[in-house]
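See below for the structure under consideration.
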Amino acid sequence: MSPSPTPHIVWIALGGNLGDVDATFANALSLLDRTPEIDVLQVSPVHRTSPVGAHAGDSFVNAVARLSSTLEPLELLDRLQSIETQLGRVRWVRWGPRTLDLDLLMFGEEVIDHPRLHVPHPACWYRRFVLDPWVEIGADVVHPVKRLTIGALRDRLLVRPMSITLVGGVRERRDELLRTLKLALPEIQWSSDVNPGCEPTISIGLGPAEGDAEAYETLRQTFAVSWLELGTPVTSEVDAIREIVHSATGE
């Protein structure tokens, strides 16, 4: 007889803003719990949060759940997406209204970089709509990349004024972004001055300037806790950063 698979402690986020979201959450959790390889261990209270993104629609309901699962990560992802579809999820626009989101936040202490799945969830450390319910049932859980507890990550976002530094990219474009952001979001303490002894709440990496990859990577390692790579935004850089700020402040 082959040994039974070792169960993993898994954290997922639930979100939605279409229909009876509380009932949808209950149905989703029931379907998860009825899956032979999954046990639902704990669920946070729900939080009502403001929508993020121009097309998000009405306010959202969010929660976090702790599961035990013997499924492999991609198998679990398939199960989560199957339940989303079963309960009416339609992916028609980024950040659009939805009946149900089931996001895999953490899978044990694993760090997974796969075309279909990145774990820990790349945005879970700065999104208040994830962290606020998460701290209610998992404040002492340690993020395996940031190396801080979920409680500590959330507490970093409560300090005002919030400080955000733009790092890398072409200097002229970075300076233009800073001028625009300072006018649009004056409540944030914006900077492009790097002070390794004083890590900001969020460091937004704009990519290395030409011939500056090594220095950029050094900054990424120096600001490991606060680092967020902007990448190639679907919207404009300003709109993408606005969404990051909205997610981080919860305001």
Item to complete: With respect to A215, determine if the residue is under 17 Å from Y126 (Cα atoms) and out of contact with any strand residue (DSSP E or B) (no Cβ under 6 Å at 6 or more places or on another chain).
Response: no
Discussion item. Suppose we filter segment 15-43 for residues that are open to solvent by 10 Å² or more (accessible area, probe 1.4 Å) and either assigned to a strand (DSSP E or B) or of a type in the set (S, T, Y) (or both); how many remain?
Written reply: 8
Fill in: Per-region count, segment 5-53, residues more than 19 Å from the chain's Cα centre (by Cα) and of a type outside the set (A, V, I, L, M, F, W, C)
17
Worksheet item: Which residue, of V238, V167, is in contact with a Ser or Thr (Cβ under 6 Å, 6 or more places away or on another chain), among the aliphatic types (A, V, I, L, M), surrounded by 13 or more Cβ atoms within 10 Å (Cβ to Cβ) and farther than 25 Å from S50 by Cβ?
Response: V167
Discussion item. If I go through segment 178-212 residue by residue, how many of them are modelled with pLDDT under 90, of a type in the set (A, V, I, L, M) and over 23 Å from A152 (Cα atoms)?
Written reply: 1
Worksheet entry | Top-ranked residue of segment 89-111 - restricted to ones that are open to solvent by less than 40 Å² (accessible area, probe 1.4 Å) and within 15 Å of the chain's Cα centre (by Cα), ranked as modelled with the lowest pLDDT | D101
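The values are calculated or read from the model by the stated rules, or taken from the named source; none is laboratory data. On a predicted model such as this, the values are computed, not experimentally measured, just so you know. Cβ: placed from backbone, ideal geometry, glycine included. Neighbour counts: every protein chain shown. These accessible areas exclude ligands, DNA and RNA; they are computed on the full protein's heavy atoms, side chains included. Shrake-Rupley method; radii C 1.70, N 1.55, O 1.52, S 1.80 Å.
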